[in-house]
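First comes the structure, then the notes that go with it.
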Amino acid sequence: MAPITYALAVENTEGCRDTAYFTLAALDDACVWPGDTDTNKVVDHFDLLNIGLGYDSLGPLRPNASLLWEAQPGPDWLQQTPGTGVNYKHIDTNGDGLVNADDTLAITQNWGATHGLWAPDEEDEWTSHQSDLLVNAPFYIEPDTLIPGQAIELEVVLGENGNPVEDLYGLAFSITYDTSVVEVGSADILFDPSWLGLDEVDLIGIHKDFYPEGRMDVAMTRIDGMEISGEGQLATLFIIVQDDVLLWEKENGTESGSVA
């Protein structure tokens, strides 16, 4: 809802008159913007993490709910996210009173949409999602020889023998690649197998490819309320090479994102 400015005119018994102006505006988190589960005014892969936190939670329906990118008033839920204090009504993106995998549709439909005072500042976008949990374990694309014209499967690895990841529930990250090598539209990712969980059983994931930028944004989260420790294959990246054979180096394969 846009701010509304009011004018209050006051006149005393001597006929002296003065006018005061004041503006009223709803709080940023008063309305639901479908897909913006962390209420930071932009929809992206980080928004999946709150769905994982609130999965299977129940609350009041949002009247006249839709997935349209617009401010939608709705009653507060009793629950809120730990630390950030986001009311669960924002996580129930479709307004049906239940947080589940159906709420990911609002993210994929409204991905990249912004509202309010959000500005596309890269540093602010990333730091606003920082978590108290820092991953020091290895995180990379397994190197391999890529053959032109063939679909290649590459393991996304998080943690190794002797250096596992402890107590992980979900994470969001980006994979960068060279568009002069990767065929347009060929980049894809699968979440099975993954040590983080079994896809669509105790794990859900989303991804979106931004080919002109040479980047794929990815998010994965457990949905059973239980953290897990592990190492090895986190997901599988699929690409088709359109140019010379390329050896992927660990340090060039991934760009870490946020962990929850």
Cα-only Rg/Rh for segment 144-237 with Kirkwood Rh rounds to 1.00
A 1.4 Å probe over the protein heavy atoms gives segment 44-86 a carbon and sulfur accessible-area percentage of 58
With label points set 7 Å from each Cα along the Cα-to-Cβ direction at Thr176 and Asn163, the distance between them in nm comes to 2.0
Measure of exposure for Tyr211: accessible area at 1.4 Å probe, Å² rounded to 10, is 40
The size of the Cβ-based charge dipole (Lys, Arg +1; Asp, Glu -1) of segment 156-243 about the Cα centre, to the nearest 20 debye, is 140
Over all viewing directions the Cα convex hull of segment 37-93 casts an average projected area in nm² of 3.9
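The values are calculated or read from the model by the stated rules, or taken from the named source; none is laboratory data. As the structure is a prediction and not an experimental result, all values here were calculated from the model. Using ideal geometry, Cβ is built from the backbone for each residue, glycine included, and neighbour counts are taken over all protein chains shown. Accessible surface areas use protein heavy atoms only, side chains included; no ligands, DNA or RNA. Shrake-Rupley method; radii C 1.70, N 1.55, O 1.52, S 1.80 Å.
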